[in-house]
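One structure is given here, and the rest of the page talks about it.
The values are calculated or read from the model by the stated rules, or taken from the named source; none is laboratory data. It should be emphasised that the depicted structure is a prediction, and the values quoted were computed from it without experimental measurement. All Cβ positions, even for glycine, are placed from backbone atoms using ideal geometry, and neighbour counts span all protein chains on display.
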Amino acid sequence: MFLTIKKIPKTKWSSSKPLNFKPKISTFLYLCLGLTFFGLGEGLLLVSSTGASPWSVLAQGISLNINYSIGIITFFISLFVIFLWVFLDQKPGMGTVLNAIIIALMIDVSLSFFETPITYLSQMLMAIVAVLLVGLGSGFYLIANLGPGPRDGTMTGLTKVTGISIGKVRGGIELSVLLIGWAMGGTFWIGTIIFAVLIGPCVAICLNLAGRLGESSED
């Protein structure tokens, strides 16, 4: 039942519209909580040394060639992607901006304060926990409904412009950034595969769980 979800749940703390720059305090807090979990998960996946999500592989690859942290590179990638929205008729919301800032910050915090587990099993467990955190974070920030993340907005924008399905557009984007990052030295390994396989179900389950924290509302 959890995996059959087809739309983002509405709760008493969801914003009634994405372009809302004066949200309820609860909406703002859930948004920040979700993005914090998301960034922590991305960071822990890197710390696990088992691979990374496609966009983090790209950031990691770039960081190996210029003297900036993965978090800072992630931030600038987000800014560049948001800039592309000018050509895709997309409008950033509060969540879009905070997405770029908080996730980048949490990636660097994770890399600074956590160490790679010694055993292979522990590394795998960290990778799985990381993906679960990204899924949980996605649930909170999507339900907050304060604007799509930079990558989500690009996906929907390209779909509108090209007429290609969301699945194909997202798959093409993820594969492209993964290959570019890998070619630049980013780590593509089992953790990347775990992320690719589990992130969809994790987001679906966490959307349901996060949605149950608030009573259904049409706002």
Scope the stretch 103-126; condition aliphatic (A, V, I, L, M) and touching a residue at least 12 places away in the same chain (Cβ under 8 Å); matching residues: Ile103, Ala104, Leu105, Met106, Ile107, Val109, Leu111, Met124, Met126
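Every residue, every condition in (1) charged (D, E, K, R); (2) at pLDDT 95 or above; (3) surrounded by fewer than 19 Cβ atoms within 10 Å (Cβ to Cβ); (4) within 23 Å of Gly139 (Cα to Cα), yes or no:
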residue	(1), (2), (3), (4)
Phe2	no, no, yes, yes
Trp13	no, no, no, yes
Phe37	no, yes, no, yes
Tyr68	no, yes, yes, no
Qualifying residues in the stretch 19-60 (those that are polar (S, T, N, Q) and not in a loop (DSSP other than H, G, I, E, B)) - the one farthest from Trp189 (Cα to Cα): Ser26
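Answer yes or no as to whether Gly181 is in a loop (DSSP other than H, G, I, E, B), small (Gly, Ala, Ser) and in contact (Cβ under 8 Å) with a residue 12 or more places away in the chain. Please lay out each step first, then the result.
On the way: in a loop (DSSP other than H, G, I, E, B): no; small (Gly, Ala, Ser): yes; in contact (Cβ under 8 Å) with a residue 12 or more places away in the chain: yes.
When the stated conditions are applied, Gly181 does not pass them.
Going by the structure shown, is Val197 crowded, with 16+ Cβ neighbours inside 10 Å, of a type in the set (A, V, I, L, M), at pLDDT 85 or above and within 25 Å of Thr154 (Cα to Cα)?
Numbers: crowded, with 16+ Cβ neighbours inside 10 Å: no; of a type in the set (A, V, I, L, M): yes; at pLDDT 85 or above: yes; within 25 Å of Thr154 (Cα to Cα): yes.
Criteria not met by Val197.
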Residue match in the stretch 69-77 (condition: aromatic (Phe, Trp, Tyr) and not in a helix (DSSP H, G or I)): no
